[in-house]
Amino acid sequence: MANNSYSGVKNSVAEPNHDGEFGCSLKELRSLMELRGAEGLYKIQESFGDVNGLCSRLKTSPVDGLSGQPLDIDKRKEAFGQNFIPPKKPKTFLQLVWEALQDVTLIILEVAAIVSLGLSFYKPPDSESKNCGKAAGGVEDEGESEAGWIEGAAILLSVICVVLVTAFNDWSKEKQFRGLQSRIEQEQKFTVVRGGQVIPIPVAEIVVGDIAQIKYGDLLPADGVLIQGNDLKIDESSLTGESDHVKKSLEKDPLLLSGTHVMEGSGKMVVTAVGVNSQTGIIFTLLGAAEDDEDEEEEKKKKEKEKKKEKKNKKQDGSVENRKKAKAQDGAAMEMQPLNSDEAEGEEKRKSNLPKKEKSVLQGKLTKLAVQIGKAGLVMSAITVIILVVLFVVDTFWVQGLPWEKECTPVYIQFFVKFFIIGVTVLVVAVPEGLPLAVTISLAYSVKKMMKDNNLVRHLDACETMGNATAICSDKTGTLTMNRMKVVQVNIADKHYKKVPEPDVIPASIMDLLTVGISVNCAYTTKIMPPEKEGGLNRQVGNKTECALLGFAMDLKKDYQAIRNEIPEEKLYKVYTFNSVRKSMSTVLKNADGSFRMFSKGASEILLKKCFKILTATGEAKVFRPRDRDDMVKRVIEPMASEGLRTICLAYRDFPVSEGEPDWDNENEILSRLTCVCIVGIEDPVRPEVPDAIKKCQRAGITVRMVTGDNLNTARAIATKCGILQVGDDFLCIEGKEFNRRIRNEKGEIEQERIDKIWPKLRVLARSSPTDKHTLVKGIIDSTVVEQRQVVAVTGDGTNDGPALKKADVGFAMGIAGTDVAKEASDIILTDDNFSSIVKAVMWGRNVYDSISKFLQFQLTVNVVAVIVAFTGACITQDSPLKAVQMLWVNLIMDTFASLALATEPPTESLLLRKPYGRNKPLISRTMMKNILGHAVYQLTIIFTLLFAGEKIFDIDSGRNAPLHAPPSEHYTIVFNTFVMMQLFNEINARKIHGERNVFEGIFNNLIFCSIVFGTFVIQIVIVQFGGKPFSCVGLNIEQWLWCVFLGFGCLLWGQIISSIPTSRLKFLKTAGHGTQKEEIPDEELEELDDLDEIDHAERELRRGQILWFRGLNRIQTQMDVVSAFQSGISFQAAVRRQPSSTSQQHDIRVVNAFRSSLSPYEGLEKPESRSSIHNFMTHPEFRIEDSEPHIPLIDDTDAEDDAPTKRNATPTPPPPPSPNQNNNAVDSGIHLFLDPSKPATPSTPGSPMHSLETSL
C-alpha cells in the first residue's frame, strides 16, 4: 500500500533500480523508512520476516557485516546511491564580479567616466573656442586634445581592477570556507563492522547493508533498522519536531533516521538508505527545489522593490544561499540542524550565514565607523564640487563677462564633468572600502593559521570574539588533564592498596567477579589497543574511565577479550547505560539455571548508598551498614579524592530463580541491595603544558573556571595542580547541589542577583550537571555587576554540553573526545583537545583586533590627508593636485595591499600581557588618534609646501592653473610621488599602535608585509616613469626621486617625535569607532532607525536577534511618551504628536535600553520573573510591562513580516483613550503596558534602569 502511494515521488528522485543483485529495491527500502513505529515493524515482518531476513536480502551478516570488497561496495553504491548529498553550486566568479559592481561609489565613478569619455570625442568648431573663456583655451595643440579620452578610460580601467580584486577576494574566501567545511566533513568517521572487524570509515563511504555501531552522542549518518540495542533513546526533533526522546527497540520501533541524535544507550543497525534517499536527504532535495523557486521569486521582487528593501532581500537571499551551502555539504556529514524548531531555525540561519552576512561585534563597530566616515566624505565632496562650479561660473561669466555661447556648451559641460569627477574622487578617497576587506582578510588569514594551532574555526567571528574573552569555563577531563585514565589505588577484600596489587593476593572468587564484571559491564566499543609505535603507551579507545578499568583487569593478568568472546554483546540480557542522571552503568546476564546476575559500576558515593553487603578477605559477603559506609567514605574515599583521584565503586547483585523475573523497568528497585566488590581510584594526570597556559590566561585578565562532574575533593586537587586555585586567593569551590540551592529563591526559580553573588568568586563547580553549566554560563553573560559585559568561552565534549556551548559567546568542542552533537553546537573545534590551544585562540583573536586597528590607523591618515589636499587644492587652484586616477591608485590599490600587509601580522606573546578589550572599546584609541592627526599634520605641511612653492624649490614649471587637456607637469608628479612615498613609510609606522618606539620589531617575520611594501614601491616607480598621460605623470630624474624618498622617510623620524608626546597631555583627543553605547544613541540616529539600511550597517552591539528592538523602537518611543504623558498629565494626543524634547528622549532611550537588556528573542523561554533587572522593578511603579513573546516578529521571518512593522510605525495613529489595562498601540509591538492604579507609587530603587525616568518625571 505504502509502496504505491509514494511511487510518483520515488521514481522522480531515485536512480534506476538494479534489483537484480539484491533481494529488495531502493523503492521498497525508501517506503519502509517513511513509516514510523509499529507500522514500520509490521512492514518489516510482512515483507522480510524480521531484521535478519532484511539483512539476508541485502546480502549482509548481522554479526560480521559486509565483506568490504571494493567490487561489492561499488555495486551497492550503484544500486542504492552514495552517502552524500551534492552541495549547491558555489557562486561563479562572474556573479561575484557583478556583486562587486553594485558598490555605489563605483557606479558613480563609472557614470562620470563614461560621460567624460563621450564628451572627449566631441570636438567644438575651432573658430569659436576662443570665445569660451580663457579657462578653456591655453596650450592645447592637436595631439593633446586627441588624448582627452585617456582620463575616462583610465578611471574605467581602475574601476575594473578594483572590481576584480574584490571579486577575487570573495571568491577565495568562499573557497576557503568550503575547504574548511569539507575538512570538517572528512574528519567525521563512523564505526561499522566489515568482515567481522570493527573499523571507523568516513561517513561518505557508508553503503546500504553496512552494519553500523551506534552509541551515545552520535549523529546518525544514514537511515537504518535496529538489529540489537541497549536502552536506546533518540532525539528525533530535527526531523519530527517532537522534543521528547524516542525509545528504540526491536519490539516497538526499530527504525532509525539519519540526522537524529543518539541521546542514550548503544546498539547496532543495518543501513537501509543513504544520501539523497535517506529521510534527511529527501528533505534536502525538497528544500533544494523549493529554494530555487524562492530565488527566482526573489529576483522578481528585487526588481520591483526599491533599494532599501533590496538590501534586506539580499540579506535573506544570502541566508538561503548560505544555509543551503552549510547544509548540503558533502553527505551525511551535512550540518544537520534541527529542521523544525523555530529557535533552531533562527540560530541556524545565523550560523550558516557565515561567509558574508554575519556581523560580529567588530564588524558592527567597523561598519558604523565606515558609515560615519562615508557621510563626512560625502559632505566634503559635495562642497568641493559646489565650490569648483561656483568659482568657474563666476570667473567665466562674471569676471570675464562672456555670454553663454551655444557652441561652447560641450566645453562647459566638459568642465562640469571634470569637477564632478574631482568630487567623486574626493568621495572615493574618503570612503574606506579597505575596511571590510581588512576584516575579511584578517579573519580568513587567522582562521587558516589557527588550523596549525589545532583550532578548527567553524564560525569566523568566533575567532575575533575570543580576543575579548574575559572568562573560560573549562571541563576537567581531557582538556586540563591528559584523558589517559589509570587505576592507581584499590580498596579490595578489606585491604587498601596504594598501587595495583599482585593477582595472587586477591581471593579467586572475588577475582572472577571482578574480571567478569569489568569485561561485561563496559561498553563493548571500549577497548585497549596495542600502541601504534614500538614502546609507546597502549591506545585507549572509547570511554576513558572504562579503559582504566579494562587496563586494571590487564594489570591483574586477566584477558578481558576472552570473556567478551565468551559472552558476546547479543547475549547481554539487559543493559542500563550510563547517563548523567543515573551516574552508573549496569549489565544483567541470564545464567543457565534461569537466575540473573547484574554487574554495576558508578560513582562511589552514589553506588555505596545502594550496597548492603561487602566482600571480605575470605571472599564471603558481610553486612554493610550505613555506619560502615560513613567510615568507608572517611577512611577510603575522601583520602583518594583529596589526591585528585576519581573513585569508582564496582558491585553486583544476584536475582535467584525463586523470586521470579524482576520488573526491569523499576530501576530504583533493581539498583538496590547490591554487594560491593571493590573501590578503585582512577587518576587522570594533568597535562604538562596546562599550568603554564592557565598562568598566561590569568595574566591576560581571563578568569579560568573549572566545571566538572567529578566530586569536590578531586576537582579541588586538580584545580590546585593546574593553578586555577592559588594559595591565599579568595575563591569558592562548590558542588552543583549547593550552587543550585544558592541561586534559587523560595519558589525554586533562578535569580540573577543570587548568581551575581556567586560567580565572581566561583572557581570550581564540581558534581555539576549540564544544566548547571548552562545556568552558570548564562548567569555570567547576563550579569551586570561589572561594568563590562563578560565574554564567556566554554569547552564541552558531551551531547549534554550542547546548550551551554550554544549559549556561550565562543563554544569549544573537543575534536577527539567530543560527540557530533557537541561539535555541531560549537564555534571552534579543538583538534587536540588541549587547553593550551584555547590560549592560542585568545592570542589570534586579540591579534585580529590589533590588525584591524593598525590598518585603520594607516587608512585614516591616508584619507584625512588626501581629502584635505583634494579639497583645498581644488578650491584654490580649481583643479585637484591629485588626479582621479592617482587617487584611485592610492586609495584602492594601497588600501587593498595595506590591508593584506597589516592584517597578516603574526601574533606575539606580548598580546597576552594586557587585559581584554571590552565589547565597547573604541576601535581608535587616543594614542592612535594622536598618531593619525600627528602624521596628517606632517604630510599636509610637506604637500602644501610642494604644491605652492614646489616650482621654486625644484626650479620647474608650475603645474597650477593648467588648461583642460594640458599635459602632465613635473610639479604635480612630484607632489603625487612624495604623497605615495609618505604613505609607504607610514605603513611601517602603522605596525605599532600602542605607542611603541621600535616600529621595525619583527618586521622580517612577516614576509607578506615586506613583499607588499617592496612591490608597491616598484609599481610606483613604473607608474611615475612610464605612466604618462593616464596617470598624469612625467618621468622624474634621480635627484627629484631622492627628494621624494627622503621626504617620505621623514615620516619615520616624525613618528618618533610623535611617540615622545605623552597621550595623557593631549586632553582634546577623542576616541572613535565605539560600538553604540546603550546610553548614547544620538538623536539623529534615533530618527534614522526606521531606515533599515542603517540597522543593517551597524548591528549595534546588540546581541543576536536584538536588532528587532530597533524596529520597534519608534513605537516604543511613542508608548514611552504616552506613559510619561499619563504620569505628567499631558493629554494623550499631544503626547503622540509632540516632538520629544531632548530630556524626554533621554529617558525614552533609557527605558528602551531597559527593555533591550531584559528581552531577547532567543530568551523568550524563561518566565519574565526570572530575568532580574527589569521585572522586579516593574512590580513597584504604576505600570507593568509584560513581554508577550509571540507578537515579536523574529528577525529571520519572511519579507512580508519584515515590512509590516516599518509601514505600521511610519504613521503612528493617535491611539484611542486607554481602557484601564490595555493600550492598543502597545499590543502591536509585543509589549503590553498595564496601568495599575492599585499599586502605590513607590519610588524605584536608585540602581534600577528606570530610576532616571521616575525622577525626571
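How big is Rg to Rh over the stretch 967-1047, alpha-carbon atoms, Rh as the Kirkwood inverse-mean-distance radius? Before the final figure, lay out the partial values.
Values: Rg = 14.6 Å, Rh = 13.9 Å.
Computed over Cα atoms, the ratio is 1.05.
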Zone of Lys761 (label point 7 Å along Cα→Cβ, backbone N under 15 Å): which residues in the stretch 729-743?
729-735, 739, 742-743
How much length is gained if the chain between Arg564 and Phe121 is pulled fully straight, taking 0.36 nm per residue apart and subtracting their Cα-Cα distance, in nm to one decimal?
150.3 nm
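Taking R0 as 41 Å, what FRET efficiency do you get between Asp512 and Lys533 from their Cβ-Cβ distance, rounded to the nearest 0.05? Intermediate results must be reported in sequence, preceding the final value.
Numbers: r = 35 Å, r/R0 = 0.86.
Taking R0 as 41 Å, the efficiency between Asp512 and Lys533 is 0.70.
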Evaluate E = 1/(1 + (r/R0)^6) for Glu667 and Leu164, where r is the Cβ-Cβ distance and R0 equals 45 Å; express this FRET efficiency to the nearest 0.05.
0.10
To the nearest 0.05, the calculated FRET efficiency linking Ser182 and Glu753 through their beta-carbon distance, R0 being 51 Å, is 0.60
At 1.4 Å probe size, with every protein chain present, just tell me what the per residue accessible area of the stretch 731-845 comes to in Å².
34 Å²
The percentage of the accessible area of the stretch 498-561 (probe 1.4 Å, all protein chains present) made up of carbon and sulfur atoms, to the nearest whole number, is 55 percent
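Roughly speaking, what is the stretch gain from Lys915 to Leu378, that is 0.36 nm per residue apart minus the C-alpha to C-alpha distance, in nm to one decimal? Present the calculation step by step, with values, prior to reporting the outcome.
On the way: separation 537, 0.36 × 537 = 193.32 nm, distance 3.75 nm.
Computed gain between Lys915 and Leu378 is 189.6 nm.
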Translational D (Stokes-Einstein, µm²/s) of the stretch 573-718 at 4 °C and 1.567 mPa s when Rh comes from the Kirkwood sum over C-alpha pairs?
74 µm²/s
Evaluate the distance, in nm, between pseudo-label points positioned 7 Å from the Cα of Glu620 and of Glu39 along their respective Cα→Cβ axes.
6.3 nm
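Determine the relative contact order of the stretch 625-731: mean sequence separation of Cα pairs under 8 Å and six or more apart, normalised by residue count, in whole percent. It would help to have the intermediate numbers written out before the result.
Numbers: 93 pairs, mean separation 34.9, N = 107.
Result for the stretch 625-731 is 33 percent.
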State the Cα centre-to-centre distance between the stretch 866-931 and the stretch 33-89 in whole Å.
61 Å
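Express the carbon and sulfur contribution to the solvent-accessible surface of the stretch 698-759 as a percent, rounded to the nearest whole number, probe 1.4 angstrom. Walk me through the intermediate numbers first.
Working: 1420 of 2930 Å².
Exposed carbon and sulfur together represent 49 percent of the surface.
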Share of alpha-carbon pairs per 10 Å distance bin for the stretch 477-516, given as whole %
24, 43, 22, 11
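Beyond 14 Å, what share of the Cα-Cα pairs of the stretch 805-868 is found? Please give it as a whole percent.
Working: 1351 of 2016 pairs.
Tail fraction, whole percent: 67.
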Separation between Cα centres of the stretch 557-625 and the stretch 151-223, rounded to whole Å:
44 Å
For the stretch 719-841, state the average projected area of the convex hull of the C-alpha atoms over all orientations, rounded to one decimal in nm².
8.2 nm²
Taking H placed 1.01 Å from N in the peptide plane, check which residues at least 5 places from Ser584 or on another chain put their amide H under 5 Å from its amide H.
Asn579
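Within the stretch 631-686, list the trypsin sites (Lys or Arg not before Pro) lying in a DSSP loop whose Cβ has at most 15 other Cβ atoms in a 10 Å radius. Intermediate results must be reported in sequence, preceding the final value.
Values: sites: Lys634, Arg635, Arg646, Arg653, Arg673; in loops: Arg673.
Counting only loop positions with at most 15 other Cβ atoms within 10 Å, the trypsin sites (Lys or Arg not before Pro) in the stretch 631-686 are Arg673.
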Debye calc, one equal point scatterer per Cα of the stretch 524-608, no solvent, log10 I(q)/I(0) at q = 0.11, 0.14, 0.19 1/Å comes to -0.38, -0.60, -1.03
Using eta = 0.692 mPa s and T = 37 °C, Stokes-Einstein with Kirkwood Rh from Cα pairs puts D for the stretch 468-541, in µm² s⁻¹, at 207 µm²/s
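What translational diffusion coefficient, in µm²/s and rounded to a whole number, does the Stokes-Einstein relation yield for the stretch 855-977 at 10 °C and a viscosity of 1.306 mPa s, taking the hydrodynamic radius as the Kirkwood radius over Cα pairs?
On the way: Rh = 16.8 Å.
Answer from the Stokes-Einstein relation: 95 µm²/s.
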Calculate the length of the line joining the C-alpha centroid of the stretch 698-714 to that of the stretch 793-864, in whole Å.
18 Å
Give me the number: length gained by fully extending Val1022 to Ile114, i.e. 0.36 nm times residue separation minus the C-alpha to C-alpha distance, one decimal in nm.
324.2 nm
With θ set to phi - 60° and the Karplus curve 6.51 cos²θ - 1.76 cosθ + 1.60, what are the ³J(HN,Hα) couplings of the stretch 1031-1047 in order, to the nearest whole Hz, using x for Gly and Pro?
9, 6, 10, 10, x, 10, 8, 5, 5, 4, 4, 4, 4, 4, 5, 5, 5
What does the convex hull of the Cα atoms of the stretch 768-924 come to per residue, in Å³, rounded to a whole number?
161 Å³
In whole Å, what are the extents of the stretch 455-609 along the principal axes defined by its C-alpha atoms, from largest to smallest?
64, 36, 34
Beyond 29 Å between alpha-carbons counts as too far, so tell me which of Lys452/Lys854; Lys91/Lys840; Lys495/Lys773; Lys737/Lys915 fall in that bin.
Lys91/Lys840; Lys495/Lys773; Lys737/Lys915
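The values are calculated or read from the model by the stated rules, or taken from the named source; none is laboratory data. All values reported here derive from a predicted model rather than from experimental measurement. Positions of Cβ are generated from backbone atoms using ideal geometry, with glycine treated the same way; all protein chains shown enter the neighbour counts. Just the protein is used for accessible areas: all its heavy atoms, side chains included, with ligands, DNA and RNA removed. Shrake-Rupley method; radii C 1.70, N 1.55, O 1.52, S 1.80 Å.
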